[in-house]
Structures are given as C-alpha cells and as structure tokens.
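Working notes for the structure below.
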Amino acid sequence: MQSINIGTRRELFVDYLLIDKMKKASLRMHHPQPREVVLRHDKPWEGPVSLYHTIIKDGPRYLLFYRGWPGNDSPDVYCVAESADGVNFERPNLHMHEYKGSKDNNIFLDQSPFTHTFAPFLDTSPGAKTEHRFKAFARYKLNEEEAEELAPDSNSIEDWTNSWVLKAFSSPDGYHWNQIFDEPIITDGAFDSQNVGFWSEVEGKYVAYYRSFQKKEDFASGVTGPTTDAGRLRSVMRAESEDFKNWSPGVLMDYRTGESPAPVEEFYINQTRPYFRAPHIYVALPARFMAGRRAVTEQEAKITGVFDNQRSACSDACFMTTRPGSRWYDRTFMGAFIRPPVGPGHWTARANYPVDGVVQTGQEEMSLYLDEHYAQPGNQVRRYSLRLDGFSSVHAPHDGGELQTKPLVFSGSELELNYSTGAAGSLRVEIRDEDNNPIPDYTLREARDIFGNRISGRARWENGSSVAELAGKPIRLRFVMRDADLFSMRFV
C-alpha cells in the first residue's frame, strides 16, 4: 500500500481517506448546537424571501451578505451586516442606494438581475490586488444581441438567447462593487441559486461550484425521493480558472459515499468552501431539497403565514466533503447535519438553508449559520456552533475501540490531537512501521493515557512526546480508545 504524505497538514476524520481499519469504533457526525438569532429580516427592503447569505471573516470583522427581498412586486437588493464577534450583527448605514425615498439602509447593490443571486468571497490569491480583494459571482440573463455575439453560429443562437450566465464583480472593501469584465465568465449552468467560488491555495487556481440541472441517468447511482420534474435533478457543477476570467467547462459533481455509489438527492445550494484550518479539505453544507414531501397541514401553513408555493416540500442541512480536483462529493454521512427543529415554520420548502461559510468565533469554537422561516414573516438567520474541527470524529464506546491508519509519511516532531473523552475514557497511540510492526519506544505498552478535552493536545509515550526520529519514514498510527472521540490530528 502506497504511503500518504501528510506533511504537517491537519487531517480531519470526515471520510475514510486515512483509515485502514477500525474495530468497535466508527465515524460519527456531530450536530451543530443552535445558538442565538443574529439577524431578523424585518427591514422594509428585506422580508420573507431574503436568502442566499454569505459569511466572510475579514481580519477583525465579520461580514454577512444577503439578498433582501420582501417579495411580491418589490425589487430585490443585496445587503450587508457587520459584526466584531460573529454573534452581534448590525446593519451599516451605507447611504449608497435609495429604497422608497431613503438612502438610510445597508443596501450595496440594487441592479437587477444581479441582485437575485450575488455570491461574494474574499480573494486570498497571491496576486490579488487591493481593489479586487473581494470577488463575486452574479447571475445575469443574456439578451438576443449578447447571445448572438457570444454564439455567432446561427444554429446555436437559440440555445444562448435569454439564457442565464455568471458575471464577475469585485470590491476593495465588501461595500463598493463593480463589474470587472463585460463578457460572462461561466455559461454552462442554470445558476438559479447560490453559485459559490473561492481561491484554492492547494490547487493554485480559482474554483467554482454552481447550479445545474442534470438528467437522472447522468448520475451513476440511484435516485431518492421525488424530483423537480420527470427528467431533471438539481445538481452541482465544478469549474476552474487561473485568472477568474477564463474558466474550464464545468463537470458534474457526483454524490457518493467514499468510492461506493450512494443514492442521489437534490441539493438546492451546495455551500462548498475550503475548511479554514485544513484548506485541502473542502467542506460542503448543502440544503437537501425534498420536492413533493409535504410536512405541514393547511392549518399549520396558515398559522406560519408561509407562501402557498412553499408548502409542498421540506429541506434540511447536510454535510459533505470533497478534495481538490475531485469530481465527486464524499457522502460518508447520509443523515441530516442539522435537522429541522420542532414547529411547522421549520418544515416548509426552503427553510433551514445554510449560509455559505464557516468561521471561527472563539478560541475553541467555530460557527455556521442557517436561514430560518423562508417565505414567512419571521424570516431570520440563526447561529450554530461546533468545536474547532468538530464536524465529525472517530468514536469509541465505553467498552473500547481501535483505529488504524494507512501508511503515512509526516514532517514535524510531535503529534497534535484534537480529542474529547469521558472522565473514565482514554486514548493511547501506538506507532507502527509500514509492515504493521510496533516500533520500539512507541508501542502501546509505552503509550501514556490521554484523557480530557483538548483542541491541541499531544500524544505521549514513556520517553516523551517527540516523534522527530520517525519523520519522513512510512508509519502507521494505531489509536486505542475508550469513551472517546478523535476529531483531527496533525504533526507539528
């Protein structure tokens, strides 16, 4: 078996990439804990159908971008809220755009159709200029003249006319935005939801994940539940770019459990982004959309005030991962990441939609956010929290369990572990060679019991914590655990 070179990367146990075998242990997903409501969409320019949120941590400030839209015949706009801690958000009075006679608002964009789905990100590429620190995808509808210019072949004009594309925007501060290219940058999708992107430091290029519709037979695995219509599924495409202007043709992202086919479900938004503590792991927080699966009665629907067209479906938040360059999502965990809470207001079509982005909000805490009560008078954003790296873990019960990794090559001198145990629990680490023989001084008998709850603990043996003499050599790690969870590891 070929060794996996992890260097000093932090590795999370979100899939089976590093796992060779487990005995009485298992991968366990951890559910985020609901916290406070951070924003109520109660301003005149916001309202029931405000959606498509993005959270960005820019130095000491947190920026929450979102579409404001009361619905009906009112225009949709894009807005921003600010926070110093990711918990308490305020609307800056930007005085940029007038809404019903007043510029006292937090609207930064009012140009339709860009305001329907506007998805920003912080450009961390080495060549990013100050005036383009933020970039964004915005959906745009081509007219006949634009379509003819893009597709001069008369046989293809019909395909382009009135089709939707993505255009590019940039900003120096997150408030003042300008379109940066006249022509569209991505043209091979439907784009009728939140289309996200980022600079990948691992791949050294821009990556986009965006909405498409695919035929059922395009997927390698079966289909679960009702679908949008008889022949199409909401799906996700992936494209790449070196310069943010010229993009590769999109490829369909398949949904699988590890490398085995899993049932394909519809994801309305994908929210795919590098995890900030391990950027070689792309975390996706999609909204799973269950068309035709009605959970509320007519009376409950009337009480919540939900729009009529939102009554015949339900949705929840899921957790998936993918790796740089991969053309499939790993669905190790098929269940809901965040289940809809009690109450009919959480069980309508587009409730429980995750915000794009996961941010650190404390020394040991990260936060993610959900939009609740879409198309209802109480539309709002709630914060959820997890420990750092806490999406999932290797879990061992009270009577014990084991994990053994595939052969690894590392750099560094100590093994850092993110773990939690019960008061009677423990975790010990044995290091073996690539032939699976215990290495002297690092055997299980010489391993010290590790217990407690630490984000960055250290593995230890009788001779101390140093593993420097093993750096660069193929090794296997054997974790013997009891009433314990191991969230992540790295060599430092």
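Observations
- Couplings 3J(HN,Hα) for the stretch 397-408, derived from phi with the Karplus relation 6.51 cos²θ - 1.76 cosθ + 1.60 (θ = phi - 60°), are x, 5, 7, x, x, 9, 10, 10, 8, 6, x, 10 Hz, where x marks Gly and Pro.
- Dividing the alpha-carbon radius of gyration of the chain by the rule-of-thumb value 2.2 N^0.38 Å gives 1.04.
- Alpha-carbon centroids, the stretch 9-49 and the stretch 405-463: separation in whole Å: 26 Å
- Within the stretch 454-492: backbone nitrogen closer than 20 Å to the Asn436 label point (7 Å, Cα to C-beta): 474-481
- In this structure the amide hydrogen of Ser200, modeled in the peptide plane, comes within under 5 Å of the amide hydrogens of Lys205, Tyr206, Val207, none closer than 5 places in sequence on its chain.
- Subtracting the Cα-Cα distance of Ala423 and Met334 from their residue separation scaled by 0.36 nm leaves 29.0 nm.
- Simple spin-label estimate for Val492 and Glu201 in nanometres, 7 Å along Cα-Cβ: 1.6 nm
- The Cα center of the stretch 131-148 and the Cα center of the stretch 54-90 differ in position by 22 Å.
- With both residues required to sit in the chain, DSSP beta bridges show an antiparallel share near 95%.
- Here the spin labels are modelled as points 7 Å beyond Cα on the Cα-Cβ line, and at Lys302 and Asp42 they lie 2.6 nm apart.
- Span per principal axis, largest first, for the Cα atoms of the stretch 375-425 (Å): 54, 32, 20
- Pairs from the table (Lys135/Lys205; Lys43/Lys103; Lys135/Lys245; Lys135/Lys167; Lys100/Lys302) lying more than 18 angstrom apart at Cα are Lys100/Lys302.
- Cleavage-rule hits (GluC sites (Glu not before Pro)) in the stretch 52-105: DSSP loop, at most 15 neighbouring Cβ within 10 angstrom: Glu98
- Summarising the label geometry, the points placed 7 Å from Cα in the beta-carbon direction at Arg454 and Ser413 lie 1.7 nm from one another.
- Distance from the stretch 97-124 to the stretch 345-361 (C-alpha centre basis), Å: 21 Å
- Between the beta carbons of Lys103 and Arg35, assuming R0 = 35 Å, the FRET efficiency works out to 0.60 to the nearest 0.05.
- Gain on full extension, evaluated as 0.36 nm per residue between Asn246 and Arg294 minus their Cα-Cα distance, stands at 13.1 nm.
- Cross-link reach list, aspartates and glutamates versus Lys216, counting only Cα pairs under 13 Å and skipping chain neighbours closer than eight places: Asp229, Asp254, Glu265, Glu266
- The helix-based estimate of mean residue ellipticity at 222 nm for the chain, built from -39,500 (n - 2.57) per DSSP H run of four or more residues and divided by its residue count, is -1000 deg cm²/dmol to the nearest 500.
- Potential extension, Met1-Arg445 segment - 0.36 nm per residue separation minus Cα distance: 157.2 nm
- For Ile4, nonlocal amide neighbours, meaning residues 5 or more places apart or on other chains whose placed amide H falls under 5 Å from its own, are Leu408, Val409.
- Ala468/Asn72 FRET efficiency (R0 56 Å; Cβ-Cβ; nearest 0.05): 0.25
- Loop sites in the stretch 52-119: trypsin sites (Lys or Arg not before Pro), DSSP, at most 11 other Cβ within 10 Å: Lys100
- Dipole magnitude of the chain, debye to nearest 20 (Cβ charges: Lys/Arg +1, Asp/Glu -1, about Cα centre): 1640 debye
Rule-based calculations on the coordinates, nothing more; no lab input. Values in this document were obtained by computation on a predicted structure and should not be read as measured data. Ideal geometry is used to build each Cβ from the backbone, glycine not excepted, and the neighbour counts take in all protein chains shown.
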